[in-house]
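Single-structure report; data block below.
The values are calculated or read from the model by the stated rules, or taken from the named source; none is laboratory data. Remember, predicted model here, so these are calculated numbers, not experimental data. Quick reminder, even Gly has a Cβ in these numbers, built from the backbone with ideal geometry, and neighbours come from all protein chains shown.
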Amino acid sequence: MLRSVKGLYNYVLLAEDGEIGRCKDFLFDDRLWTIRYMVADTGKWLPGIKVLISPISLGDPDWQSRTFPIRLTKERIEGAPVLDSDAPVSRQHELNWTRYYGWPYYWVGRHPWGIATHPGLLYRNKISENEKSEPRSGNDNLRSANEVAGYHIKALDDAVGHVEDFILNDETWVIHYMVVDTRNWLPGRKVLIAPNWIDKVSWAKRDVRVDLTSEQIRNSPEYDPTMLVNREYEERMYDFYGRPKYWD
């Protein structure tokens, strides 16, 4: 199912032996636009440390109670390689972190999760250190969903608004859409744009250039943040833009 990233903030995170905090951010890679880590706000438990939770270790959430089970103990989480709260996540840290938990490398393979299409398969199919002893380094950079929200959107002919949110697939953790607020023209109107319609992202300038005209975006099917994105809405949107459907 497709869900809002912002809608997952403040979900309670439950380790096998107790609560560890709440979800405060997500880190996604800028190559496949897939969320790699949930960032936890652990309050006074582990102050000053960036606590990363991989979707690999997440159980099935309870959408009603807004809780995410984590298939790890608090001791296991506390023993992970330490990263200062303001420090970026380097590939070397990911290597150390992944080896600590015994997960397969997500950047080795042809699927969004390396050897798998979704992270749950990696939890059930851990591989040994020998099998993953020499990974390629990779070029992915991890981006904060909180930080990218606010980036300016530039169409082929004009600026059109800013990134407000993301829509992810709650099984694969792939980001399917950016939610764009077009209030530069129409106060309160929101539309969706898929990452593969992006021409270029300038991370330094904080803007996203898309391969669409301002008129296309202006007249595209409106997104209602109070409703889940369903296939009927996606059909209308892809037909409007004349883009190939990812599910065909």
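For Arg3, are the conditions met, namely being in a loop (DSSP other than H, G, I, E, B) and either surrounded by fewer than 20 Cβ atoms within 10 Å (Cβ to Cβ) or without any contact (Cβ under 8 Å) to a residue 40 or more places away in the chain (or both)?
Working: in a loop (DSSP other than H, G, I, E, B): no; either surrounded by fewer than 20 Cβ atoms within 10 Å (Cβ to Cβ) or without any contact (Cβ under 8 Å) to a residue 40 or more places away in the chain (or both): yes.
It is false that Arg3 is in a loop (DSSP other than H, G, I, E, B) and either surrounded by fewer than 20 Cβ atoms within 10 Å (Cβ to Cβ) or without any contact (Cβ under 8 Å) to a residue 40 or more places away in the chain (or both).
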**Item:** Residue count for the range 162-178, restricted to those that are among the charged types (D, E, K, R) and within 24 Å of Gly120 (Cα to Cα)
**Value:** 2
**Prompt:** Of (1) closer than 28 Å to Glu232 by Cα; (2) surrounded by fewer than 16 Cβ atoms within 10 Å (Cβ to Cβ); (3) among the aliphatic types (A, V, I, L, M), Leu32 satisfies all except one. Which?
**Reply:** (2)
**Item:** Residue count, the range 62-88 (criterion: under 17 Å from the mean Cα position of the chain (by Cα) and either loosely packed, with under 13 Cβ neighbours inside 10 Å or at pLDDT below 95 (or both))
**Value:** 1
**Message:** Scan the range 29-42 and tell me whether some residue there is acidic (Asp, Glu), outside the structural domain of Asp170 (by TED's automatic domain parsing), in contact with a helix residue (DSSP H, G or I) (Cβ under 7 Å, 6 or more places away or on another chain) and touching a residue at least 40 places away in the same chain (Cβ under 8 Å).
**Reply:** no
**Request:** Please name all residue pairs, on different chains or six or more residues apart, with Cβ atoms under 8 Å, provided the first residue is in the range 219-230 and is more than 18 Å from Asn184 (Cα to Cα) and the second residue is in a loop (DSSP other than H, G, I, E, B).
**Result:** Leu228/Met1; Val229/Tyr223
**Message:** Taking the conditions exactly as written (modelled with pLDDT of 95 or more, out of contact with any Lys or Arg (no Cβ under 9 Å at 6 or more places or on another chain) and farther than 23 Å from Lys245 by Cα), does Ser128 satisfy them or not?
**Reply:** no
**Message:** Residues that are in contact with a Leu (Cβ under 8 Å, 6 or more places away or on another chain) and either assigned by TED's automatic domain parsing to the domain that holds Arg36 or within 29 Å of Pro119 (Cβ to Cβ) (or both): does the range 200-209 have at least one?
**Reply:** no
**Prompt:** Mind checking which residues of the range 97-119 are among the small types (Gly, Ala, Ser), in contact (Cβ under 8 Å) with a residue 12 or more places away in the chain and surrounded by fewer than 19 Cβ atoms within 10 Å (Cβ to Cβ)?
**Reply:** Gly102
